[in-house]
Amino acid sequence: MTIASNTVRVAVISDLHAAVPEKDGTVPSYLSTAPSMNIPSRDAILALEELIEQKQLQADYLICCGDMADKANPTAMNYVWGKFHLLAEKLKVKNSFATVGNHDIDSRYAYNEFDAKGMLHGLNPPYPLPKKEQNYEFWTRNFVVLVEPLVRLVVLNSCAYHGVNPKPELPEYMHGRISTRTLDDLRRELGRNHDPKSINLLVCHHHPHKHLDIEPSDYSSMIGGEKLIDLLSSVGLGSWVVIHGHKHQPRLCWGAGGASPPLVFGAGSLSAKLYDELRDKARNQFYIITFLLDDATELALDIAGEVEVWDYVVGNGWSSARIGSGLPARAGFGYRPQLRTLARDLEGFILTNGPIVTWKELVSSRPGLRFLLPMDVESLRAELIRVGVKATVDENGMLIELVKST
């Protein structure tokens, strides 16, 4: 696979929870330090390396949204940090970055006595960014702004106050946070970086707004997350994409707010064994986000792109995502039409060209459809039913054809 000059490809992993086996041999992840587990059928990273080689996958950047290790185990953290860099080599990236998850900070487990982030400071290569000076800024200001030729990247530490416990009834390690001071500093820093970029990314661990569909009392979101969304919407640097982890629940949606909210991409877990509430709603997933700059220009969209999605199943390795995985095998983003109006338009197209029209034919006629969010595709299917059009999907959750009922 070659990378075109008018695209930017970002590989995303999150919540690996690499672990040392317990005394009884159990491991909470499909990524273990035990030699007996280091075979592709039982190791998500080894299987991913096979997928990369088979598909000749490449990316410009590799990003990890935190929780590389489970429960801040130093042995597991050193192990997975090495795996991360081997993965970057396999993908032939220009640069690789990570941010800190609540399981990476030793705020509860006492491996490092009082120093919650001491083990992270000792990692080699430097953690979580490639250069020492970048890490000094990250740990001091709780964020760093990196400027690349086409990309502005903010790496945010939403675990900055873990290890502090001002409210015993809800310990700090139970949620994320961006403080008022950090928000003010970030606004000033972005104000000094007016050079427009095609892509603006913010990477963090915690979700900026609550996930209430699975966990009605979700308390672990980022305190101050709504203000962060507002900041990105109003800073005047173009469209933003927030990439986070933590929930192990794949999700792609627009942030709450005004006319120009950021896209919020919630990465599922690469290799953690999923808890019961998620097992029929998500899989372990790996992503490559492709930003298509020419398509955005041609369609007059602020941003346009696609996400390729793969599922990991222990014993079977990686394959294209299927229905019930969280995100389908291919997910678009950037196109935000009025869905009821769009449904009527598509009904007219089918009446003229049908009664059966393939999704490929529709996208050829109306290329913006390629960049509908998965949740908007589902809403569009409901609107189409209202006007007598049935849309069918394949086993990977991809639309294949539309049929107008008589």
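Taking only pairs six or more apart or across chains, which ones have beta-carbon atoms under 6 Å, a first residue in the stretch 286-310 that is without any contact (Cβ under 8 Å) to a residue 60 or more places away in the chain and open to solvent by 40 Å² or more (accessible area, probe 1.4 Å), and a second residue that is of a type outside the set (Phe, Trp, Tyr) and not in a helix (DSSP H, G or I)?
Taking only residues 6 or more apart or on different chains, the pairs are Glu308/Ile288.
Filter the stretch 251-266 down to the residues that are at pLDDT 95 or above and in contact with a Lys or Arg (Cβ under 9 Å, 6 or more places away or on another chain), then identify the one that is farthest from Ala296 (Cα to Cα).
Here the residue is Gly266.
Check whether at least one residue in the stretch 23-40 is within 22 Å of the chain's Cα centre (by Cα), surrounded by 20 or more Cβ atoms within 10 Å (Cβ to Cβ) and closer than 30 Å to Leu292 by Cβ, and report yes or no.
No - not one qualifying residue is present in the stretch 23-40.
Can you name every residue in the stretch 372-398 that is part of a strand (DSSP E or B) and either touching a helix residue (DSSP H, G or I) at 6+ places or on another chain (Cβ under 8 Å) or hydrophobic (A, V, I, L, M, F, W, C) (or both)?
Correct list: Val389, Lys390, Ala391, Val393.
Looking at Ser325, Ser269, Ser319, Ser260, can you tell me which residue is open to solvent by 10 Å² or more (accessible area, probe 1.4 Å), under 23 Å from Ala18 (Cα atoms) and among the hydroxyl-bearing types (Ser, Thr, Tyr)?
Being open to solvent by 10 Å² or more (accessible area, probe 1.4 Å), under 23 Å from Ala18 (Cα atoms) and among the hydroxyl-bearing types (Ser, Thr, Tyr) holds for just one of Ser325, Ser269, Ser319, Ser260, which is Ser319.
Within the stretch 370-388, restricting attention to residues that are open to solvent by less than 60 Å² (accessible area, probe 1.4 Å) and among the β-branched types (Val, Ile, Thr), which residue is farthest from Leu252 (Cα to Cα)?
Here the residue is Val387.
Return a yes/no flag: does the stretch 146-155 have any residue that is closer than 18 Å to Asp15 by Cα, crowded, with 22+ Cβ neighbours inside 10 Å and either modelled with pLDDT of 95 or more or among the β-branched types (Val, Ile, Thr) (or both).
Looking for residues that are closer than 18 Å to Asp15 by Cα, crowded, with 22+ Cβ neighbours inside 10 Å and either modelled with pLDDT of 95 or more or among the β-branched types (Val, Ile, Thr) (or both), one finds at least one in the stretch 146-155, hence yes.
So which of Ile223, Ile229 ends up being in contact with a strand residue (DSSP E or B) (Cβ under 6 Å, 6 or more places away or on another chain) and either among the aliphatic types (A, V, I, L, M) or at positive phi (or both)?
After ruling out the rest, the residue left standing is Ile223.
Given the structure, is Tyr61 more than 29 Å from Met174 (Cβ to Cβ), open to solvent by 10 Å² or more (accessible area, probe 1.4 Å), touching a residue at least 24 places away in the same chain (Cβ under 8 Å) and in contact with a strand residue (DSSP E or B) (Cβ under 7 Å, 6 or more places away or on another chain)?
yes
Look at Glu226 and say whether it is acidic (Asp, Glu), part of a strand (DSSP E or B) and over 25 Å from Ala19 (Cα atoms).
Judged against the criteria, Glu226 is not a match.
Being hydrophobic (A, V, I, L, M, F, W, C), surrounded by 17 or more Cβ atoms within 10 Å (Cβ to Cβ), farther than 24 Å from Lys55 by Cβ and modelled with pLDDT of 95 or more, is that true of even one residue in the stretch 350-369?
yes
With respect to Gly82, determine if the residue is at pLDDT 95 or above and more than 25 Å from Gly317 (Cα to Cα).
It is false that Gly82 is at pLDDT 95 or above and more than 25 Å from Gly317 (Cα to Cα).
Give just the number: which of (1) within 23 Å of Gly163 (Cβ to Cβ); (2) touching a residue at least 40 places away in the same chain (Cβ under 8 Å); (3) among the basic types (Lys, Arg); (4) open to solvent by 60 Å² or more (accessible area, probe 1.4 Å) does Arg141 not satisfy?
Looking at each condition in turn, Arg141 falls short on (4).
Against the conditions (1) under 21 Å from Met119 (Cβ atoms); (2) surrounded by fewer than 15 Cβ atoms within 10 Å (Cβ to Cβ), where does Cys159 fall short? Just the number, please.
(2)
Give the residue that is farthest from Glu189 (Cα to Cα), with candidates limited to residues of the stretch 113-134 that are surrounded by 19 or more Cβ atoms within 10 Å (Cβ to Cβ) and not aromatic (Phe, Trp, Tyr). Full working, then the answer.
Step one: filter the stretch 113-134 for residues surrounded by 19 or more Cβ atoms within 10 Å (Cβ to Cβ), giving 116-117, 119-120, 127-129.
Of the ones still in play, those that are also not aromatic (Phe, Trp, Tyr) are 116-117, 119-120, 128-129.
Working: Ala116: 27, Lys117: 25, Met119: 29, Leu120: 25, Pro128: 20, Leu129: 18 Å.
Of everything passing the filter in the stretch 113-134, Met119 is farthest from Glu189 (Cα to Cα).
Yes/no per residue for (1) of a type in the set (Val, Ile, Thr); (2) modelled with pLDDT of 95 or more; (3) within 25 Å of Lys117 (Cβ to Cβ):
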position	(1), (2), (3)
Ala18	no, yes, yes
Ser29	no, yes, yes
Asn38	no, no, no
Glu50	no, yes, no
Ala72	no, no, yes
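Find the residue count for the stretch 64-84, including only residues that are open to solvent by 10 Å² or more (accessible area, probe 1.4 Å) and either under 18 Å from the mean Cα position of the chain (by Cα) or not acidic (Asp, Glu) (or both).
Total meeting the criteria: 8.
The values are calculated or read from the model by the stated rules, or taken from the named source; none is laboratory data. None of the values given here were measured: they were computed from a predicted structure. Here the Cβ is made from the backbone with ideal geometry for all residues, glycine too, and neighbour counts use every protein chain on show. For accessibility, only protein heavy atoms count, side chains too; no ligands or nucleic acids. Shrake-Rupley method; radii C 1.70, N 1.55, O 1.52, S 1.80 Å.
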